Amino acid sequence: MRWRSYVAVGDSFTEGMDDAYPDGSYRGWADLVATRLAAETGPDFRYANLAIRGRLFPGVVAEQVPAALAMKPDLISFAAGGNDVLRRTFDPDALVTRFDDVVRRLRSGGADVVLFRFADVMARLPGQRLVAPRVQLLNRAVGETAERHGAILVDLYADEAYLNPMLWSTDRLHLSEAGHRRVAAQVLTALGVGCDEDWLLVPPHPAPTPWLAARAADLRWAGRHLAPWIKRRLTGRSSGDTVTAKRPSLDPIAD
C-alpha cells in the first residue's frame, strides 16, 4: 500500500450527507474509503476530511486546497463545482480554467489525486434544461483534466445505477447510505484496493408511484427542500455557513 495519508476536499458530497452516524454526524464515502485504507496500511495511516456542505468552487479552492497541500498527503480526493452549476452566476469558462489549475497544484506535490465525474441527479430535480448541460460540461472538463495531469478518475456519470432513486436521500440531491457505499467501492476499485462487495449492491427500484401520489410527493419535497434552498439563495446564505470541517487535521483513524 503506497498511501499512508489521505485528505478529502470538497462539499457535501465529500462531507458525507446524507449518510448519518448514530450521533447524527455524517459518514459518507470518504470515511469508508479512509477506514479501508487504514485497515490495509496499519495504525500509522492518517486521514483528514476538510469538506463542508454548500461550498462553492472558489471557497473550496481558497479554504481547503492550501490546507490540504500543507498536510503533504499521499492521496487527495477533490470534488467541487456541483453547487456552482446550480447558480445563475455560473461561469463555465472560469471554472474549467481554475479546475485545471487546482488539479495541477494538487499533483505538483507528488500526491495521487482522485477526481469525479458527477452522477446524473437532474432527472428528479427542476431546472434540468439549464443545469444538465452544465453538469455535462463540468464532467467533460474533469475527464480531460484527469487525463492531462495523471489523476485517478471515478466516473459516476457513466454508472446507470445512480438513476435508481434508492441511491439518493429524500432531498433528491445527496446520496443515501447505499449511494455512499457504492461510491466508496468505486473509489477503492479505482485505487486497486479491495472492498466489501456488498457496497456495490443496488437496492431494487421502488414500485411505480401513481400520478396523483407522485405529485403530492413532489409538493412535499418542494416545501421541505426546495423552498429553503431558494430562501438561502435569496438571502445570500449557505447550508454550510455555521459548519466546520469534521476532520480538520491529519490524524489516525480511531478503532
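The values are calculated or read from the model by the stated rules, or taken from the named source; none is laboratory data. Keep in mind that what you see is a predicted model, and the values were worked out from it rather than measured. A quick note on method: Cβ atoms are made from the backbone with ideal geometry, for glycine too, and the neighbour counts reach across all protein chains shown. In case anyone asks, the SASA skips ligands and DNA or RNA and just uses the protein heavy atoms, side chains included. Shrake-Rupley method; radii C 1.70, N 1.55, O 1.52, S 1.80 Å.
For this structure, a couple of remarks:
- Of all residues in the range 181-206, those that are among the β-branched types (V, I, T) have Cβ atoms under 6 Å from Cβ atoms of residues that are assigned to a loop (DSSP other than H, G, I, E, B) and surrounded by 15 or more Cβ atoms within 10 Å (Cβ to Cβ), 6 or more apart or on another chain, in V202/N164.
- A residue that is touching a helix residue (DSSP H, G or I) at 6+ places or on another chain (Cβ under 8 Å) and not β-branched (V, I, T) can be found somewhere in the range 205-218.
- Here the range 145-183 is the region considered, the condition is being touching a helix residue (DSSP H, G or I) at 6+ places or on another chain (Cβ under 8 Å) and among the acidic types (D, E), and the residue that is farthest from W29 (Cα to Cα) is D171.
- Residues (in a loop (DSSP other than H, G, I, E, B) and either in contact with a helix residue (DSSP H, G or I) (Cβ under 8 Å, 6 or more places away or on another chain) or open to solvent by 40 Å² or more (accessible area, probe 1.4 Å) (or both)) located in the range 29-61: P43, D44, F45, L50, A51, I52, R53, G54, R55, L56
- Residue among T209, T189 that alone is polar (S, T, N, Q), at pLDDT 80 or above and under 23 Å from M122 (Cβ atoms): T209
- Restricting the range 39-68 to residues that are more than 30 Å from P228 (Cα to Cα) and either of a type in the set (S, T, Y) or modelled with pLDDT under 95 (or both), the residue that is nearest to the chain's Cα centre (by Cα) is Y47.
- Residue count for the range 234-245, restricted to those that are within 19 Å of the chain's Cα centre (by Cα) and open to solvent by 70 Å² or more (accessible area, probe 1.4 Å): 2
- Hey, K231 open to solvent by 60 Å² or more (accessible area, probe 1.4 Å), charged (D, E, K, R) and in contact (Cβ under 8 Å) with a residue 60 or more places away in the chain or not: no
- Any pair with Cβ under 8 angstrom, 6 or more apart, that starts in the range 237-255 at a residue that is in a loop (DSSP other than H, G, I, E, B) and ends at one that is of a type in the set (S, T, N, Q): S239/S12; G240/S12; A245/N49; A245/Q64; K246/S25; K246/N49; I253/T35
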